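> Have a look at the structure that comes next, please.
A short reminder: the numbers here are calculations on the coordinates, not readings from a lab. As the structure is a computational prediction, the values presented were derived from the model and not from experiment. Neighbour counts are summed over all protein chains in view; Cβ atoms, including those assigned to glycine, are modelled from backbone coordinates with ideal geometry.
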Amino acid sequence: MNIPIDSAWLEATLLASVRMAVFVVIAPPFNSRAFPAMVKAILSVGLGVAVSGTISRNVPAMTDAAFLIALAEQLLIGAALGFLVYLIFAAVEAAGSMIDLFGGFQISQAFDPTLSINGAQFARLFQMAAIALMFSSGAYQVVLAGLARTFASLPIGAGFPATITASDVATEVSGMFVAAVQIAGPLIIVLVLADIGLGLLTKVAPALNAFSMSYPIKMTLSLVLGGVVFIALPAAIQSMTDSAMRLLGGGFQ
């Protein structure tokens, strides 16, 4: 009994699954420990099978050496795609960490094993809010669909895109910090002004010891005005997403 096996389809499926697997391991929210390893593996293979029918026609015949080279290329491409998505979530987490630092919540910093976050209240709140919004809005489907479309802009066998340089990566990382400042900026300004006001009050009336009230005042301001930072959240994320799409030649479009 002979069972015909399409070697081109099998190679395309394996290579596509490798790109998907690396992306799922690195990119939030799929990298969360809330997703069991078996679920990640099944998701990666399922996505690889889903796109294999389209890409198998464009995969050239490969020798063993060429297949290993293509395998390494898929590892790098999947890692790059996952890293760009990770930067967006890292900007949101960094914004929360900055608010924790200026608002006095940093003293209660702890590690969250579920989200793999080492931060205080606002850092964890912002990360959970970003994940909740991603699933409630169906944005995760857009991310997965964009990942599937990267096989059109970055096909198997075409090599790693030479247009991505160290300068581009540095620009993306610096853009993450800029986005974090844009998100948390309004509240940070209020907290800095509160410190200045308390300093002036201590200078005018040293007996009041105004700095003893610093922590409760800043924490209250952080809790009351915390919702203001969400105004800048969509624009900052959209800007970083557009930049990532331009860097990868429209792979997520």
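> Do you know which residues across the stretch 18-38 are in a loop (DSSP other than H, G, I, E, B) and of a type in the set (Gly, Ala, Ser)?
Listed by number, the residues that qualify are Ala27, Ser32, Ala34.
> If I go through the stretch 98-121 residue by residue, how many of them are touching a residue at least 60 places away in the same chain (Cβ under 8 Å) and under 17 Å from Phe177 (Cβ atoms)?
Within the stretch 98-121, residues that are touching a residue at least 60 places away in the same chain (Cβ under 8 Å) and under 17 Å from Phe177 (Cβ atoms) number 3.
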